[in-house]
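J.: Below you'll find the structure I mean.
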Amino acid sequence: MTEKYFATGGCLCGKVKYSISSAPVRMGQCHCDDCRKLSGTGHVSNAFFEKKSVLISGETSNHDSVTDSGSTITRYFCPECGSRLFGINSTNINIIGVTIGTLDDSQWFKPDFIVYNKRKPEWDFMDESIPTFEGMPPIQK
Ligand SMILES: [Zn+2]
Ligand SMILES: [Zn+2]
């Protein structure tokens, strides 16, 4: 049991835990209507990883919603405490988004971009040095 993980995390009640074995492929923040609703605040911060490097234990519930571009995002949460943990977009099911607030240590997080800035509430202050898009830019994979 000497395996070294890039990061570990879990939900509030501890029934869902995860460990990640490689660095993120990208990191971002989103202020869209869906992200504000599901986070209960001004934005969601995500790091995106190759799905095969994220090991999840414990059962999750999920909810599908359709994005502006017509893809489907499946979001996974703990059925016990409601913590929102993961998201997978139908455009690339090999990538999983992990909600930064569920990490045991998130000090390394630095968003590469901020999207849906046009939906950002004025009270939600962001680092102005981060590339910011009013909507969703075309994502390069
Ligand atoms: Zn939980
Ligand atoms: Zn969003």
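Every read-out reported here was derived from the displayed coordinates using simple, explicitly stated rules and does not represent laboratory data. None of these values were measured; they are calculated from a predicted model. As a convention, Cβ positions derive from the backbone with ideal geometry for all residues, glycine included, and neighbour counts pool all protein chains shown.
J.: Determine whether region 7-16 contains at least one residue that is more than 16 Å from ligand 2 (Cβ to nearest atom), more than 14 Å from residue 101 (Cβ to Cβ), outside any strand (DSSP E or B) and in contact (Cβ under 8 Å) with a residue 12 or more places away in the chain.
T.: Within region 7-16 (the criterion being more than 16 Å from ligand 2 (Cβ to nearest atom), more than 14 Å from residue 101 (Cβ to Cβ), outside any strand (DSSP E or B) and in contact (Cβ under 8 Å) with a residue 12 or more places away in the chain), the answer is yes, since at least one residue qualifies.
J.: Restricting to region 83-112, count the residues that are of a type outside the set (S, T, N, Q), surrounded by 13 or more Cβ atoms within 10 Å (Cβ to Cβ) and out of contact with any Lys or Arg (no Cβ under 8 Å at 6 or more places or on another chain).
T.: Of the residues in that region, 9 qualify.
J.: Next question. Filter region 13-44 for residues that are β-branched (Val, Ile, Thr) and over 15 Å from the mean Cα position of the chain (by Cα) and give the result.
T.: 16
J.: Considering each residue of region 1-59, count those that are hydrophobic (A, V, I, L, M, F, W, C), within 16 Å of residue 84 (Cβ to Cβ) and touching a helix residue (DSSP H, G or I) at 6+ places or on another chain (Cβ under 8 Å), and give that number.
T.: 4
J.: Looking only at region 77-91, count how many residues are away from ligand 2 (no atom under 14 Å from the Cβ) and aliphatic (A, V, I, L, M).
T.: Count: 1.
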